[in-house]
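Asks: Okay, here's the structure, questions in a sec.
The values are calculated or read from the model by the stated rules, or taken from the named source; none is laboratory data. Nothing here was measured: the structure is a model prediction, and the numbers come from that model. We place every Cβ from the backbone using ideal geometry, glycine too, and count neighbours over all the protein chains shown. We work out accessible area using only protein heavy atoms, side chains counted, and drop any ligands, DNA or RNA first. Shrake-Rupley method; radii C 1.70, N 1.55, O 1.52, S 1.80 Å.
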Amino acid sequence: MSQTQYATHGDVAVITMNNPPVNGLGHGLRTGIVEGLRRAQADSAVKAIVITGAGKAFSGGADIREFNTPAALAEPSLHTVIRAIEGSAKPVVAAIHSVAMGGGLELALGCHFRVAATGAQIALPEVKLGILPGAGGTQRLPRVVPLEMATNMIVSGAPVKSEKFKGTKLFDEIVEGDVTEAALAFARKAVAENRGLPKVRDLKIEHEDAEAFLQFSLNTAKSVAKNFPAPAACVEAIQAAVRLPFEQGMARERELFLHLVQTPESKALRHAFFGERAASKVPDVPADTPLRAIKSAAVIGAGTMGGGIAMNFVNAGIPVKLLEMKQEALDRGLATIRKNYENSARKGRMTMDDVEKRMSLIAPTLSYDDIGQADIVVEAVFEDMPVKEQVFRKLDEVMKPGAILATNTSTLDVNQIAAFTRRPQDVIGTHFFSPANVMKLLEIVRGEKTAKDVLATTLALSKTIRKTGVVSGVCDGFIGNRMIEQYSRQAGYMVEEGASPQQVDRAIEKFGFAMGPFRMSDLAGNDVGWYIRKRRYVERPDMKYPKIADKICELGRFGQKTGAGFYRYEPGKRDAIPDPVVDKLIEEHRKELGLEPRKLSDDEIVHRLIFALVNEGAKILEEGIAMRASDIDMIYLTGYGFPLFRGGPMLYADQCGLYNVVNRMKDFAANPHGDPSFWTPAPLLAKLAADGKSFNG
Ligand code: T1G
């Protein structure tokens, strides 16, 4: 099916781009546009041309599904299309009704005139994919909008509403109503007035101190985005626009683009872009599965997690009944929520009026009788199965038929929880990450009996509350925590072998993690892990653990909340200060183990931590707990502080080469301290490595 429609309206030809879902400028669409232009040139009855987009976008830019495929570079390239538009002997008017992004905006900049509807989202978001506008955006945009505005748009990638461009040369008209009709009228008027064929490339960049401004922008880009080369490259391309004739500027832009598109950072960002969208697709749940209406919610537990979860619903305008057992716990929870909102107001993220509006959406209660009509209830009580059982038996009694019963458990068996009710099909896991109103990740745990529409509804709800929903099967720790447990075991083993907690943290933070394992444990509370290990010692006696963390807990050093953990903390402060008490404890523990401490390199530390994640991730994949490797990556990018520029543990392993990963694991296995079986490659990893394949295909 052709990806463009061609029609004539009187003496104006209209070329409509039609490549759902967002008119990505793939090879088929590019060919259709060039074909349409040729037809219009050849038709003497046609005096002008309008280009517009069908569906929800004018164009979302180059078709990123074509990236790194031959089609992306096949002629007619986007450059060829834009040159054909700009070189048309008849005026070409872009009619922009909605999103015009990336190559879509660049295509519009090649037109002689541009008419936009108010509210249209205009952006050059390429930098968010680790690249830069590669079809003239860095050369043309600064010619039609002020240099500061153009630079900010290109370096940030942020969308700007069309009406903000009033007074600039980007749009010849910004209209309410039917933008195609407006563009047709504009085209006829331009012909009648013989307005010629103005080209953006012929305009000059006016700025009294462009060089100084751009140098400042370059320095800022280099210091702020030190792990990403794209922002600085964007500024360099704009410098070329200011300094060089148009064609030379275009050549410089091309050179920078071709470099960026091959960088690991860009591949990581594109992987995350697609991974986020792929995560919401469940093979056995049709995309058009009817959803249950979620107009109201209830949250059980007003503690840190329950309060944060309630805020997610309120932020999406969904009223919440917040249930606690004791008035003081309820009051404390409400006060914390109010404090969080007032902090946001103090930072200018909302008004005090917004605070009141949001607080008014929360109805506190001490009685289960008040929550029965909620469309979804999320339990966020203590992580203890008997407590969960009590809650779910009660929910089964009071909740209306069809209500979704969600548990916020972080490790417990969702199937067992579902079995406490007579409606296991309505039970699902919604594992939020602390702080629940901030962290993007929502691990959605699908029970054996969870109904497909419950899963589809929960995935849709995750988008509504602005979370990245990733589906997990039921196992101990689901995806994220099951993997982090192996990561933490390796961290403990390395401290027993000779590394200090601060060396381990520093090494992985240099790799790009937001926080190393020991600082993270002190933040989350060392007692949380201790509680799980004590359960594990009973359930999984085969699993060998390093004992450092237990020894720290036995001293009551639970981390920031007790002023000391693996580090010590000044009262009211969060700075992790190495503590000689811990050094001594480690030294004594090594002696008990009969271990002579050895020096570990940062490289060994980083790769033992990361490959511990990768090996467990491979097991999770082959057990079908995770549907795809990119889901695992999305969990680590949005819930565990894995550095975005590395794309997640599984993509990082792919970029190392799985063959090399398996070989490196052999080196680690040569040092059998802790658990010799730890480094046995998961069968899937071994097979992919042997076949020269990767996790992400
Ligand atoms: N190409 C192909 N598919 C795209 C796409 C694109 N550019 N953008 C989105 N999609 C798919 C997406 O995968 C999803 O697919 C569906 O559209 C709906 O997306 C030379 C080289 C446009 C604002 O970075 O910001 O141009 O899951 O859920 O919320 O300089 O998508 O339905 O199968 O996000 O309404 C630059 C990225 C490309 C734009 C729409 N352009 N896209 O948001 O829908 S590089 C971008 C977005 C470039 C040139 C360079 C958003 C959107 P599926 P969605 P949405």
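For every residue, the table says whether it meets (1) without any contact (Cβ under 8 Å) to a residue 40 or more places away in the chain; (2) touching a Pro at 6+ places or on another chain (Cβ under 7 Å).
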site	(1), (2)
600	no, no
610	no, yes
615	no, yes
636	no, yes
652	no, no
660	yes, no
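Asks: Could you grab me the full set of residues in segment 299-338 that are within 18 Å of residue 350 (Cα to Cα) and part of a loop (DSSP other than H, G, I, E, B)?
Replies: Hits for segment 299-338 are 316, 317, 318.
Asks: Which pairs have Cβ atoms under 7 Å, sit 6 or more apart or on different chains, and link a residue in segment 512-527 that is of a type in the set (D, E, K, R) to one that is part of a helix (DSSP H, G or I)?
Replies: That search, which allows pairs on different chains as well, returns 519/505; 522/560; 527/553.
Asks: Considering (1) at pLDDT 95 or above; (2) under 24 Å from residue 368 (Cβ atoms), say which one residue 410 fails and leave the rest.
Replies: Result: residue 410 fails condition (1) only.
Asks: Exactly one condition in (1) loosely packed, with under 14 Cβ neighbours inside 10 Å; (2) under 27 Å from residue 263 (Cα atoms); (3) among the small types (Gly, Ala, Ser); (4) modelled with pLDDT of 95 or more is not met by residue 26; state its number.
Replies: Unmet for residue 26, out of (1) loosely packed, with under 14 Cβ neighbours inside 10 Å; (2) under 27 Å from residue 263 (Cα atoms); (3) among the small types (Gly, Ala, Ser); (4) modelled with pLDDT of 95 or more: (1).
Asks: Now a separate question. Considering 81, 92, which residue is more than 10 Å from the ligand (Cβ to nearest atom) and either over 29 Å from residue 160 (Cα atoms) or over 35 Å from the mean Cα position of the chain (by Cα) (or both)?
Replies: The conditions single out 92.
Asks: For segment 83-93, indicate whether the set of residues that are closer than 25 Å to residue 277 by Cβ and buried (at least 18 other Cβ atoms within 10 Å of the Cβ) is non-empty.
Replies: Among the residues of segment 83-93, not one is closer than 25 Å to residue 277 by Cβ and buried (at least 18 other Cβ atoms within 10 Å of the Cβ), which makes the answer no.
Asks: Looking at (1) out of contact with any strand residue (DSSP E or B) (no Cβ under 8 Å at 6 or more places or on another chain); (2) open to solvent by less than 10 Å² (accessible area, probe 1.4 Å), which is the one condition that is false for residue 631?
Replies: Condition (1) is where residue 631 drops out.
Asks: Give me a count of the residues in segment 49-62 that are surrounded by fewer than 24 Cβ atoms within 10 Å (Cβ to Cβ) and within 8 Å of the ligand (Cβ to nearest atom).
Replies: 1
Asks: Specify the residue that is modelled with the lowest pLDDT; the eligible residues are those in segment 655-694 that are open to solvent by 30 Å² or more (accessible area, probe 1.4 Å) and of a type in the set (Asp, Glu).
Replies: If we take residues in segment 655-694 being open to solvent by 30 Å² or more (accessible area, probe 1.4 Å) and of a type in the set (Asp, Glu), then 667 is modelled with the lowest pLDDT.
Asks: Continuing with this model, one more query. Which residues, counting only those in segment 260-272, are closer than 11 Å to residue 633 by Cα and within 13 Å of the ligand (Cβ to nearest atom)?
Replies: Of everything in segment 260-272, those that are closer than 11 Å to residue 633 by Cα and within 13 Å of the ligand (Cβ to nearest atom) turn out to be 271, 272.
Asks: Among the helices (runs of 4 or more DSSP H) confined wholly to segment 168-252, which include 2 or more residues that are within 35 Å of the chain's Cα centre (by Cα) and closer than 30 Å to residue 645 by Cβ?
Replies: Where helices (runs of 4 or more DSSP H) fall fully within segment 168-252 and carry at least 2 residues being within 35 Å of the chain's Cα centre (by Cα) and closer than 30 Å to residue 645 by Cβ, they are 210-224, 230-243.
Asks: Turning to a different aspect of this structure: I'd like to know if segment 533-546 contains one or more residues that are in contact with a strand residue (DSSP E or B) (Cβ under 6 Å, 6 or more places away or on another chain) and in the same structural domain as residue 672 (by TED's automatic domain parsing).
Replies: No, segment 533-546 contains no residue that is in contact with a strand residue (DSSP E or B) (Cβ under 6 Å, 6 or more places away or on another chain) and in the same structural domain as residue 672 (by TED's automatic domain parsing).
Asks: Separate question: Given the options 324, 379, name the one that is touching a residue at least 12 places away in the same chain (Cβ under 8 Å), under 29 Å from the mean Cα position of the chain (by Cα) and crowded, with 17+ Cβ neighbours inside 10 Å.
Replies: 379
Asks: Okay, moving on. Within segment 47-73, which residues are among the aliphatic types (A, V, I, L, M), out of contact with any Asp or Glu (no Cβ under 6 Å at 6 or more places or on another chain) and without any contact (Cβ under 8 Å) to a residue 60 or more places away in the chain?
Replies: Answer for segment 47-73, where residues must be among the aliphatic types (A, V, I, L, M), out of contact with any Asp or Glu (no Cβ under 6 Å at 6 or more places or on another chain) and without any contact (Cβ under 8 Å) to a residue 60 or more places away in the chain: 54, 57, 71, 73.
Asks: Let me ask something else. Which pairs turn up if I take residues in segment 259-286 that are open to solvent by 20 Å² or more (accessible area, probe 1.4 Å) and among the small types (Gly, Ala, Ser) and look for partners that are assigned to a loop (DSSP other than H, G, I, E, B) and more than 9 Å from the ligand (Cβ to nearest atom) with beta carbon separation below 7 Å, at least 6 apart in sequence or on another chain?
Replies: From segment 259-286, the pairs are 278/628.
Asks: Assess whether residue 694 counts as being among the polar types (S, T, N, Q) and either closer than 16 Å to residue 494 by Cβ or within 27 Å of the chain's Cα centre (by Cα) (or both).
Replies: Yes, satisfied.
Asks: Take residue 280 and tell me if it is among the polar types (S, T, N, Q), under 20 Å from the mean Cα position of the chain (by Cα) and part of a helix (DSSP H, G or I).
Replies: In short, no.
Asks: Quick one: would you say residue 528 is assigned by TED's automatic domain parsing to the domain that holds residue 580, open to solvent by 50 Å² or more (accessible area, probe 1.4 Å) and over 27 Å from residue 439 (Cα atoms)?
Replies: Considered against the rule, which asks whether it is assigned by TED's automatic domain parsing to the domain that holds residue 580, open to solvent by 50 Å² or more (accessible area, probe 1.4 Å) and over 27 Å from residue 439 (Cα atoms), residue 528 comes out as no.
Asks: Only residues in segment 1-15 that are on the phi < 0 side of the Ramachandran plot count as the first member; pair them with residues that are at pLDDT 95 or above and of a type in the set (Phe, Trp, Tyr), Cβ under 9 angstrom, at least 6 apart or cross-chain, and list the lot.
Replies: 13/6; 14/6; 15/6
Asks: Moving to a separate point now. Among the residues of segment 10-23, write down those that are at pLDDT 95 or above and within 18 Å of residue 93 (Cα to Cα).
Replies: Selection gives 11, 12, 13, 14, 15, 16, 17, 18, 23.
Asks: Being within 22 Å of residue 105 (Cβ to Cβ) and either assigned to a loop (DSSP other than H, G, I, E, B) or near the ligand (Cβ under 8 Å from one of its atoms) (or both) is the filter here; which residues of segment 8-48 pass it?
Replies: 18, 19, 20, 21, 22, 23, 24, 25, 26
Asks: So residue 136 clears everything in (1) more than 22 Å from residue 95 (Cα to Cα); (2) near the ligand (Cβ under 10 Å from one of its atoms); (3) more than 21 Å from the chain's Cα centre (by Cα) except one condition, right? Which one?
Replies: (1)
Asks: Also, I was wondering about something else. Specify which of the listed residues (584, 573) is of a type outside the set (Phe, Trp, Tyr) and in a loop (DSSP other than H, G, I, E, B).
Replies: 573
Asks: Looking at segment 497-513, which of its residues are assigned to a loop (DSSP other than H, G, I, E, B), surrounded by fewer than 22 Cβ atoms within 10 Å (Cβ to Cβ) and in contact with a Leu (Cβ under 9 Å, 6 or more places away or on another chain)?
Replies: Answer for segment 497-513, where residues must be assigned to a loop (DSSP other than H, G, I, E, B), surrounded by fewer than 22 Cβ atoms within 10 Å (Cβ to Cβ) and in contact with a Leu (Cβ under 9 Å, 6 or more places away or on another chain): 498, 512.
Asks: Hey, among the residues in segment 98-128 that are surrounded by fewer than 24 Cβ atoms within 10 Å (Cβ to Cβ) and away from the ligand (no atom under 12 Å from the Cβ), which one's farthest from residue 62 (Cα to Cα)?
Replies: So, considering only residues that are surrounded by fewer than 24 Cβ atoms within 10 Å (Cβ to Cβ) and away from the ligand (no atom under 12 Å from the Cβ), the one farthest from residue 62 (Cα to Cα) is 118.
Asks: Any residue in segment 145-159 that's without any contact (Cβ under 8 Å) to a residue 12 or more places away in the chain and away from the ligand (no atom under 14 Å from the Cβ): show its pairings with residues that are hydroxyl-bearing (Ser, Thr, Tyr) and part of a helix (DSSP H, G or I) at Cβ separation under 9 Å, as long as the two are six or more apart or on different chains.
Replies: Qualifying pairs under 9 Å: 152/217.
Asks: Tell me whether segment 288-297 contains one or more residues that are within 13 Å of the ligand (Cβ to nearest atom) and either within 30 Å of residue 308 (Cβ to Cβ) or assigned by TED's automatic domain parsing to the domain that holds residue 66 (or both).
Replies: Scanning segment 288-297 turns up no residue that is within 13 Å of the ligand (Cβ to nearest atom) and either within 30 Å of residue 308 (Cβ to Cβ) or assigned by TED's automatic domain parsing to the domain that holds residue 66 (or both).
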